[in-house]
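Trainee: I have a structure I would like to understand better, so I am pasting it below and will then ask my questions one at a time.
Computed from the coordinates by the stated procedures, all read-outs in this text should not be read as laboratory data. Note that the structure is predicted; figures quoted are calculated from it, not measured. Cβ coordinates were reconstructed from backbone atoms using ideal geometry, including for glycine residues, and neighbour counts include every protein chain displayed.
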Amino acid sequence: MNCIPDFGDPISRLSGNRILAIRSEPAEVFPGEAVALQLVAADEHGALMDQDIDWALCTAPKPPVENRTISEACLTDGAQRIADTAQTITTLIPEDACARFGPELPPQGTGESTARPRDADATGGYYQPVRAKLGALVAVGLVRIRCGVASVTPEVSARFRREYVPNRNPFASTLSAEHHGLAIPLSALPADTQVTLKLSVPRAAKESFLLFDTKIQTLIDAEETLRVSWLSAQGDFSVAATSVADGSGQSLFRTPNQPGPLLVWTVLRDVRGGVSVQTHALEVRTK
C-alpha cells in the first residue's frame with residue numbers, strides 16, 4: 001500500500017493555461033488616474049497572446065471578519081466590469097479607491113455594515129483590487145494606490161506627500177546557468193542534471209522608499225525586497241520562489257532527461273506590488 005499522498009504537479013510546473021501575473025503601468029497611481037493593465041498568461045508551449053479577458057474593478061471593501069486579501073464579493077457581484085476585453089487595457093482607478101480600500105472612511109450604502117478604513121500593509125501601501133478572468137481561470141491583481149499616511153501630524157503628512165517616490169515595476173537583465181560553480185551556456189544545458197539558474201537583477205531595481213514607522217512614529221527610509229517565481233513546463237525547480245540577494249535570484253533546476261528546446265518563465269515581484277515577467281529560451285542537450 002502506498003501511503004504517500006499525491007500532491008500533484010509542483011507549483012513551478014507549467015501545464016495547461018496559467019495566469020502568471022497582472023501587471024499595472026505605472027505600478028502606483030493616485031485615485032482618478034489612468035493605469036494600463038496587462039494580463040500575462042502562458043501554457044507549456046509559450047505565451048498566450050490576444051486573449052479575451054473579462055476585466056473588473058473590485059468595489060466591495062473587505063469586511064474585517066474575512067480572512068483574505070479581498071472581499072468574497074469581488075469574485076461575484078462586488079465588482080464593476082470593464083468594457084474592454086483586450087489582454088492589455090487602460091482604465092481609470094476610481095476616485096473613491098482610498099475610501100473603499102485605503103485609510104479613509106468607507107462610503108455608506110456599500111452593503112458592508114462592518115466595513116472600516118483599511119490598515120496599510122508593511123510598506124505603508126493600499127491597493128485597488130482588479131479581477132480578471134481568462135476562460136475558467138480567475139486572478140486578482142492589486143494596483144497600489146497613493147492614499148497618504150493615516151493618523152499622523154500635518155507636518156509628517158506634508159513631508160510624505162513632498163518626498164515620497166511612487167513605486168516602479170522592477171526589472172531584471174539576464175538569466176544564466178552554472179554547474180558545479182562553472183558557467184554553462186543556456187543553449188547547451190546537460191540533460192537530467194541539476195544546474196543553478198540565476199536571474200540577474202540590477203541594483204536600481206531595488207528601490208528605496210519613504211515609510212512611516214508606527215513603532216517610533218516617524219518617517220524612515222526603507223528598501224524594497226524582491227522575489228522571483230520560477231516556472232517551466234519541463235524539468236523541476238527545487239524551490240518555486242526565491243528571494244533576490246547580492247544582485248540575483250537563483251534556484252536549483254533539474255533539467256529534463258530528453259534533449260530539446262525549453263522555456264523558463266521568471267516572475268519578479270517587489271514588496272510594493274510591482275511585477276515583471278520574462279520568458280527565457282533554453283536548450284537541453286545530451287550529457
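Trainee: With a Förster radius of 35 Å, plug the Cβ-Cβ distance of Val165 and Met49 into 1/(1 + (r/R0)^6) and report the FRET value to the nearest 0.05.
Mentor: Values: r = 33 Å, r/R0 = 0.95.
Efficiency computed from Cβ-Cβ geometry: 0.60.
Trainee: To continue, here is another question. Which order do peptides 139-148, 155-164 fall in by mean Cβ count within 10 Å, highest first?
Mentor: On the way: 139-148: 21.1, 155-164: 13.3.
Order by mean packing, descending: 139-148, 155-164.
Trainee: Describe numerically, in nm with one decimal, the distance between label points set 7 Å from Cα along Cα→Cβ at Arg116 and at Glu178.
Mentor: It is 4.9 nm.
Trainee: Convex hull volume of the Cα atoms in the stretch 194-267, per residue, in Å³? Intermediate results must be reported in sequence, preceding the final value.
Mentor: Numbers: hull volume 7.7 nm³, N = 74.
That works out to 105 Å³ per residue.
Trainee: Then there's this: How far is helix 154-163 tilted off the main Cα axis of the chain, in degrees rounded to 10, range 0 to 90?
Mentor: 40
Trainee: Something else now. Mind putting a number on the dipole of the chain about its Cα centre? Charges go on the C-beta only, +1 for Lys and Arg and -1 for Asp and Glu, and I need it in Debye to the nearest 20. Intermediate results must be reported in sequence, preceding the final value.
Mentor: Values: 27 positive and 33 negative charges, 74 e Å.
The dipole of the chain has a size of about 360 debye.
Trainee: Right, here's the next one. When the Debye formula is applied to the Cα atoms of the stretch 1-147, each taken as the same point scatterer, what base-10 log of I(q)/I(0) results at q = 0.13, 0.22 Å⁻¹?
Mentor: One equal scatterer on each Cα of the stretch 1-147 leads to -0.63, -1.38.
Trainee: How many percent of the alpha carbon pairs in the stretch 152-287 exceed a separation of 22 Å? Provide the component values of the computation, followed by the final result.
Mentor: Numbers: 4285 of 9180 pairs.
So the pairs more than 22 Å apart make up 47 percent of the total in the stretch 152-287.
Trainee: Can you bin every Cα-Cα distance in the chain into 5 Å intervals starting at zero and give me the percent of pairs per bin, rounded to whole numbers?
Mentor: Using 5 Å bins, I get a P(r) of 1, 5, 11, 14, 15, 14, 13, 10, 7, 5, 3, 1, 0, 0 for the chain.
Trainee: Right, another one. If you stretched the chain out fully between Ala281 and Ser157, how much longer would it get, using 0.36 nm times the residue separation minus the C-alpha to C-alpha distance? Present the calculation step by step, with values, prior to reporting the outcome.
Mentor: Working: separation 124, 0.36 × 124 = 44.64 nm, distance 4.74 nm.
Answer, rounded to one decimal: 39.9 nm.
Trainee: Follow-up. Based on Cβ point charges of +1 for Lys and Arg and -1 for Asp and Glu, what charge dipole magnitude is obtained for the stretch 152-287 about its Cα centre, in debye rounded to the nearest 20? Please list the in-between numbers first.
Mentor: Numbers: 14 positive and 13 negative charges, 31 e Å.
The calculated dipole for the stretch 152-287 is roughly 160 debye.
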